[in-house]
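First up is the structure itself, then whatever we jot down about it.
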Amino acid sequence: MRVPVAWTAVSAPSTIDTDVLVVGGGPAGAAAAITLARAGRSVLVVDKALFPRDKCCGDGLTTLALRELEPLGFEPAMVPNWRPVESTWLRSPSGREVCLPMPAGGQFAATAPRREFDAALVDLAVKAGADVRQGCAITAIRAFVDHVEADVAELGTVSAQFVIAADGMWSPTRKLLGMPGEGYRGEWSAFRQYARNVNGAAESRLYVWFEPDLLPGYAWSFPLPDGRVNIGYGVVRDGDPNGRKGKDLKDLWADLWQRPHIAAALGPDVEFEDRATAWPIPAAVDESVLAAGRVLFVGDAARATDVMTGEGIGQALLTGRLAAEAIVERAPDDVAFRYRTAVRHELFTDHRVSKVLNRLLARPLLARGAVRVVGLNGFTRRNFVRWMFEDEPRAIAITPRRWHRRFLRRPAPYR
């Protein structure tokens with residue numbers, strides 16, 4: 001993918017003044033930058049990586065993610081290997097398989113390789129007017145009453161009214177501010193690898209396998225164009241009933257793809273690409289520090305991943321937008337409070353309900369029953385898939401403030 005000229009790192013140190021400094025150019029940082037730039041704010045995005053770069057991820061986009069992307073002006077055609085998801089296949093611990101067709105009339109889910117997806121989002125931020133500098137890592141940060149100063153490699157000192165930290169679960173910004181978090185390892189562990197020459201059912205089907213020894217986690221196969229798939233699995237890090245650690249999880253990876261039903265789905269000619277990569281998933285938004293003075297934390301830096309599925313792109317886009325809107329719409333002294341309030345409103349109750357559901361799904365009998373109920377009829381299949389892909393909040397049934405007339409009937413994104 002072509003790297004826009006505006007991304008080129010500068011070599012001569014200088015002093016830069018900007019309204020907002022965004023640290024990290026992933027989905028959360030890009031969403032914040034696009035929203036800010038379109039609102040007329042000057043915004044500087046710095047990222048230590050050189051785009052396009054890979055990000056260990058399942059490459060899946062939920063309805064929540066698509067609903068956040070569409071207003072940003074993001075188009076699927078920006079990603080060469082974008083693939084809409086037409087149905088999802090669930091397999092219960094007992095071996096029962098249920099097909100959940102996606103609703104018609106648009107796209108309710110898709111897959112997009114992160115190397116392409118993130119680069120396209122940053123390109124969109126550049127076009128919106130953001131100043132994006134790659135290969136530039138933050139090295140120091142100093143907070144004052146009315147502004148924040150940051151030292152950035154290759155740039156010098158950046159002075160900003162606000163900083164949005166979109167720099168991952170081990171946020172360097174958080175560490176430079178002296179905030180707690182040392183030793184944090186996330187709530188889930190996940191492994192991922194790409195495979196080609198897939199000519200089994202997984203070539204066209206999105207699979208979620210609830211294997212008995214992974215609960216409440218699962219294994220997945222997400223289809224990509226040209227017979228390629230993104231395959232992986234995720235398990236809880238603490239409280240794993242099998243007591244597995246690093247080496248055990250690597251051994252499990254080798255065993256998983258030899259299981260007959262998974263091998264059959266991939267087909268006899270499957271070839272694994274490169275090596276399997278692992279990453280931790282931070283899913284504790286209700287315990288995270290979301291703001292410190294004029295610094296707002298978004299995405300993985302806010303530990304905003306869905307604790308039930310491990311999905312983080314939709315939450316990253318959402319929190320990035322909420323942080324930007326708080327800066328644009330509120331008086332400076334009110335920004336941190338309004339951002340915390342918005343995240344609490346959007347995510348906290350859903351997060352806590354998802355934790356309860358996780359504990360229930362850790363029991364094979366309940367997981368089997370859940371899949372059986374989901375597959376009862378067309379109504380349960382159609383509405384569960386909307387709920388599964390976050391078209392509606394997890395806990396909407398117990399949060400009347402979010403009820404609306406078109407519950408489970410909203411038109412699809414990208415119609």
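Packing around the peptides 314-322, 149-157, taken as the average count of other Cβ atoms within 10 Å per residue, puts them in this order, highest first: 314-322, 149-157.
The Cα atoms of region 58-180 cover 57, 37, 25 Å along the three principal axes, with the biggest extent listed first. Around the amide H of W188, modelled in the peptide plane, lie the amide H atoms of R237, I281, A283, all under 5 Å away and 5 or more residues distant in sequence or on another chain. Of the GluC sites (Glu not before Pro) found in region 263-300, those in coil by DSSP whose Cβ has at most 14 other Cβ atoms within 10 Å are E273. Where in region 106-136 does the amide nitrogen come within less than 16 Å of the point 7 Å from the Cα of Y414, taken along Cα to Cβ? What the label zone holds, given the 16 Å backbone N cut-off, is 106-122, 124.
The spacing between region 363-412 and region 61-131, judged by their C-alpha centroids, is 19 Å.
Over the chain, Cα pairs under 8 Å with separation of 6+ residues give a relative contact order of 23 percent. Between D213 and F337, the C-beta separation translates, for a Förster distance of 41 Å, into a calculated FRET efficiency of about 0.40. How much of L366 can a 1.4 Å solvent probe reach, expressed as accessible area in Å² and rounded to 10? Spelled out: L366, probe radius 1.4 Å, area about 70 Å².
Treating each Cα of region 47-105 as an identical point scatterer and summing with the Debye formula, the log10 of I(q)/I(0) at q = 0.24, 0.25 Å⁻¹ comes to -1.22, -1.26.
Restricting the chymotrypsin sites (Phe, Trp or Tyr not before Pro) of region 325-415 to loop positions (DSSP other than H, G, I, E, B) with no more than 10 neighbouring Cβ atoms within 10 Å leaves W403. Modelled label positions at R402 and Y184, each set 7 Å beyond Cα in the direction of Cβ, lie 2.2 nm from each other. Residue order by solvent-accessible surface for V145, V289, V23 is V145, V289, V23, largest first, with ligands and nucleic acids left out and a 1.4 Å probe. Per residue, the solvent-accessible area of the chain (1.4 Å probe, heavy atoms of protein chains only, all protein chains present) comes to 42 Å². Overall dimensions of region 202-303, expressed as equivalent-ellipsoid semi-axes from the Cα gyration tensor (√(5λ), whole Å, largest first), are 31, 18, 12.
Here the Debye sum runs over all C-alpha atoms of region 340-393 as equal scatterers in vacuum, and log10 of I(q)/I(0) at q = 0.12, 0.22, 0.27 Å⁻¹ comes out as -0.36, -0.93, -1.08.
The values are calculated or read from the model by the stated rules, or taken from the named source; none is laboratory data. Being a predicted model, the structure only gives us computed values, none of them experimental. In this analysis, Cβ positions are derived from the backbone assuming ideal geometry, glycine residues included, and neighbour counts consider all displayed protein chains. Keep in mind that these areas ignore ligands, DNA and RNA; they rest on the heavy atoms of the full protein, side chains included. Shrake-Rupley method; radii C 1.70, N 1.55, O 1.52, S 1.80 Å.
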